[in-house]
1. With the requirement that a residue be part of a loop (DSSP other than H, G, I, E, B) and in contact with a strand residue (DSSP E or B) (Cβ under 8 Å, 6 or more places away or on another chain), what does the stretch A:119-153 give you?
2. Only one of A:Glu338, A:Glu299, A:Glu289, A:Glu364 is in contact with a Gly (Cβ under 6 Å, 6 or more places away or on another chain) and among the acidic types (Asp, Glu); which?
3. What pairs come out if I take residues in the stretch A:524-544 that are closer than 24 Å to A:Lys394 by Cβ and pair them with residues that are assigned to a helix (DSSP H, G or I) and more than 7 Å from RNA strand B (Cβ to nearest atom) whose C-beta lies under 6 Å away, six or more apart or interchain?
4. So A:Phe304 ticks every box in (1) out of contact with any Pro (no Cβ under 9 Å at 6 or more places or on another chain); (2) more than 14 Å from RNA strand B (Cβ to nearest atom) but one. Which box is left unticked?
5. I'm trying to understand the selection: among the residues of the stretch A:5-51, which are modelled with pLDDT of 95 or more and in a loop (DSSP other than H, G, I, E, B)?
6. Considering A:Val489, A:Val495, which residue is of a type in the set (Val, Ile, Thr), modelled with pLDDT of 95 or more, under 18 Å from the mean Cα position of the chain (by Cα) and surrounded by 16 or more Cβ atoms within 10 Å (Cβ to Cβ)?
7. Return a yes/no flag: does the stretch A:70-83 have any residue that is crowded, with 21+ Cβ neighbours inside 10 Å, under 16 Å from the mean Cα position of the chain (by Cα), closer than 21 Å to A:Gly528 by Cβ and not hydroxyl-bearing (Ser, Thr, Tyr).
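The values are calculated or read from the model by the stated rules, or taken from the named source; none is laboratory data. Note that the structure is predicted; figures quoted are calculated from it, not measured. All Cβ positions, even for glycine, are placed from backbone atoms using ideal geometry, and neighbour counts span all protein chains on display.
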Amino acid sequence: MELPSQYNAKDVEDKIYKLWEESGFFNPDNLPINKIRNSKLKIRNFCIIMPPANANGNLHAGHALVMTIEDIMTRYKRMRGFKTLWLPGLDHAGFETQVVYEKKLEKEGRSRFQIEPEQLYKEIFEFTENNKKNIKNHVKKMGASCDWSREKFTLDKDIIKVVYETFEKLKKDKLVYRGKKIINWCPKHQTSLSDLETSDTEKTDKFYYLKYGPFTIATARPETKFGDKYVVMHPKDKRYKDYTHGQKIELEWINGKITATIIKDEAIDIDFGTGVMTITPWHDATDFEIAERHNLDKEQIIDFYGKLLPIAEEFSGMKILEARAKIIEKLQSKGLVEKIEENYKHIVKTCYKCNSLIEPQIKEQWFLKMKPLAAPAIKAIEKNQIKFIPSHYKKIAMHWLKNIIDWNISRQIVWGIPIPGDEEGQVFDTWFSSGQWPYATLKTTGKNDFKTFFPTDVMETGGDIIFFWVSRMIMLSLYTTKKIPFKNVYLHGMVLDAKGQKMSKSKGNVINPLELAEKYGADALRMGLVVGNTPGTSLPLDENKIKGYRNFANKIWNASRFVLQQTAEVSLRGGSEATDVAIQSNRLPRRSAPRNDRLTKKDKRILNDFKKQAKEITKDMDNYRFYSAAEKIYHYFWHTFCDKIIEDSKKGEVSQATLLEILTDCLKILHPFMPFITEEIYQQLPPPAGGKKQKCLMIEKWIL
RNA sequence: GGACGAGUAGCUCAAUGGUCAGAGCACUGCAUUCACAUUGCAGGGGUUACAGGUUCGAAUCCUGUCCCGUCCACCA
């Protein structure tokens, strides 16, 4: 067969993916392993649950990395004879998706608040349905060998059923409660957020020193101060030893005379400012805690849209910033402003999506009691039942679990799983459902998968969601199934641009992985993503690097072309006759080639050396050192096989059989990394004599 | 403030206490009908951040210092 002198990924990839899909071998039930392994040999299972991609956009570089690493693991284990399942899925991604959709609405001049909830839900549902199709195609472009017959979506009816069962169980065990507690409120998105969904932003504001009776208090937020009727100081502060806890004082405040109560509490920092502050329990987490401790009144000053309530009297209905200036004017006219510090730098909480200032509010919400849920997780991790790769993530996870606080799981958006039996418009935090993903998926495939594959083998995901997702999966799984959800956690770093900068739309340095795959081939992109990428560290993605692996693909192509031309009639143990035919039908080798059934010392040395390399690489694969395995096989193939062995074969020093054997084995090792090109070449290899070729390289046996 | 990580060739990274610290990219010189120019051959490039210590032996272990990064918690 004539092969072109350049490898053209575009002509090959879709065709090969179709071949795999039609073979049915993505589905573990169809793997020949089930027929070969009889009762004497235990069937070994291997399972990865794909982190469900958010159904609200396209595949980005981070996804491409996930697909690459997980596909490498999956293909490797499949070739090692494991009954291998990689279960794909998509996430409705509650708040994230709603934010994306709201931006779309904004562009169309519409607003979520003008649309009936049912209609909005329907629209977002259609939006995600479209995205799901796109993402699925993108995942296929990357070569992912996942079992599409088991694909899941977080809003599938059976998944929701599992989520509800867990919620009911939590309720029964009194681990979930409704509480009027202080929560993070985003005034733009009109929902509460968990503590993980806020960011810290440094802000420069004016800092006001106000006279509060005999005290001076300092604040950056005078607009919250209307209801302040408690003045707090440290019990050990000698400056205020003459004041006693509970003592009442009369004083002139923003809108006239008020009665204030002295509170002594250790939360006060003696050295900060004057050591005295007034509290606003409705709009500040620390103040809320002080109020809880002393059973103090709490009053709402600002509404959920960021406007002052009637308690502010003449300022009622004003927006925060407008009110702030006017209040200070009034206080100044009353002589209650001692001084104003101009450039006061402080950290404020913002919504991690829109950067709006978070307004803490007291609101009735659903909370999960986390301490009892965290305890078994801490125990399991301590006992190393779950292995972290890289290992230092163990410490990070433990630190968080040991300092865990209750989790607000209710959101006031339409896009999500409704919280049952609650008021309208309340849905679960999306992580409450994805936190159950490993068992929710395996329990709902309609097969015996939970029994077969749970706990799963590897959870591979980004290190940045170790708290959001990984830790919560461990806790919820131990709670619901009494089992850990996975034995290993492999955490990759972030994909950065070529200069090592974080990709962002505003910087305009976002790399689209599909464009790179289109230009250089998915195999080249995969190599570019995996070589030099140690777990846990971020990876700068350089187009030149991918170009280099495109060249490598071409090298593989041409080396294979050469070997196939040389050995057209030779099989691995084809006998001397076949070799002679090969010699006559080709220009090379010039001198008498060694008979391939009688290997020379050089052949043996080459084969032994290869075996050594293969062993090293296998060890790397078993220890999740894919960066190292990929580099080794790259180096071996190019600089040993091509530059030395093939060159020596031209001089007649290496037999054709050896060439073919090493080529075949190299293709096997390369397959998990570069599945398309290796499969394409495998399809054209002659079958080994006395043996049969498999339908695809994908299910060939690993070299050892 | 706390936690975690990193500092090795121009760049990105390996090196599991044990040869002369290695790869890829980049760079320099040479080669060109040869499977492949998306190529081949040859080459330059290192005080492993710094200072001590442990050891027969340290990039690796310990202590300290200096930078860099990430995360968490925060002062009204």
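1. Residues satisfying the conditions are A:Ala144, A:Ser145, A:Cys146, A:Asp147, A:Glu151.
2. A:Glu299
3. A:Val530/A:Thr68; A:Val530/A:Phe626; A:Val530/A:Ala630; A:Gly536/A:Gly463
4. In the conditions (1) out of contact with any Pro (no Cβ under 9 Å at 6 or more places or on another chain); (2) more than 14 Å from RNA strand B (Cβ to nearest atom), A:Phe304 misses (1) alone.
5. A:Gly24, A:Phe25, A:Phe26, A:Asn27, A:Met50, A:Pro51
6. Result of the check over A:Val489, A:Val495: A:Val489.
7. Yes, that holds for at least one residue.
For every residue, the table says whether it meets (1) touching a His at 6+ places or on another chain (Cβ under 6 Å); (2) part of a loop (DSSP other than H, G, I, E, B); (3) modelled with pLDDT of 95 or more.
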site: A:Gly57; (1), (2), (3): no, yes, no
site: A:Gly62; (1), (2), (3): no, no, no
site: A:Met67; (1), (2), (3): no, no, yes
site: A:Met73; (1), (2), (3): no, no, yes
site: A:Leu85; (1), (2), (3): no, no, yes
site: A:Lys103; (1), (2), (3): no, no, no
